[in-house]
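The values are calculated or read from the model by the stated rules, or taken from the named source; none is laboratory data. All figures in this text were calculated on a predicted structure; none of them were measured in a lab. Glycine gets a Cβ as well: all are built from the backbone with ideal geometry, and neighbour counts include every protein chain shown.
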Amino acid sequence: MARKLFSTFTVLLVVLCAWTAYANVFSDDAGVRALARSTVDQAAGCGDDCKLEGLRGDRGMFEERIEYDIVKRGRFVVVCRRAFIVAGDHGCDVTERPATAPTASAHP
């Protein structure tokens, strides 16, 4: 009985890991990138007029991290996560900003 329960648990864990990888790493992230860009534009205080010098990103199973270099504003880092690991809407927060950047809330 314990062996069957362990096998069932293992299969469920593998399926959950596969779904998490698909949902957070391999699926289209255009919506998340748009939310991150909106968040950084607001945090930089330049709105739709922000111009990028550089952009780097990293997607993982639990979060998406995007670094923006904004002309005349500096480097900002935005981290986006789901409300729940495999489900829910994404939320983005500015985790790093230049010392001279505005400190207003980064949430739209």
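Given the options L35, L55, L12, name the one that is aliphatic (A, V, I, L, M), under 13 Å from the mean Cα position of the chain (by Cα) and outside any loop (DSSP other than H, G, I, E, B).
Numbers: L55 fails: under 13 Å from the mean Cα position of the chain (by Cα); L12 fails: under 13 Å from the mean Cα position of the chain (by Cα).
When all the criteria are applied, what remains is L35.
Taking A34 and the conditions (1) surrounded by fewer than 17 Cβ atoms within 10 Å (Cβ to Cβ); (2) in contact with a helix residue (DSSP H, G or I) (Cβ under 7 Å, 6 or more places away or on another chain), which numbered condition does it fall short on, given that it satisfies the others? Answer for A34: the failing condition is (2).
Pairs meeting the criteria (first residue in the stretch 14-28 and under 15 Å from G88 (Cβ atoms), second residue modelled with pLDDT of 85 or more and of a type in the set (G, A, S), beta carbons under 8 Å, at least 6 apart or on different chains) are N24/G60.
Inspect all residues belonging to the stretch 44-66 and state whether any of them is among the aromatic types (F, W, Y) and either surrounded by 18 or more Cβ atoms within 10 Å (Cβ to Cβ) or at pLDDT 95 or above (or both). Checking the stretch 44-66: not a single residue is among the aromatic types (F, W, Y) and either surrounded by 18 or more Cβ atoms within 10 Å (Cβ to Cβ) or at pLDDT 95 or above (or both). Filtered by the rule that a residue be more than 11 Å from the chain's Cα centre (by Cα) and either of a type in the set (S, T, Y) or assigned to a helix (DSSP H, G or I) (or both), the stretch 15-29 gives V15, L16, C17, A18, W19, T20, A21, Y22, A23, F26, S27. Considering only residues in the stretch 76-108 that are touching a Phe, Trp or Tyr at 6+ places or on another chain (Cβ under 7 Å), of a type in the set (D, E, K, R) and part of a strand (DSSP E or B), the one that is modelled with the highest pLDDT turns out to be R81.
Would you confirm, using the coordinates I've provided, whether A43 is part of a helix (DSSP H, G or I), under 19 Å from T100 (Cα atoms) and in contact with a Phe, Trp or Tyr (Cβ under 9 Å, 6 or more places away or on another chain)? It is true that A43 is part of a helix (DSSP H, G or I), under 19 Å from T100 (Cα atoms) and in contact with a Phe, Trp or Tyr (Cβ under 9 Å, 6 or more places away or on another chain).
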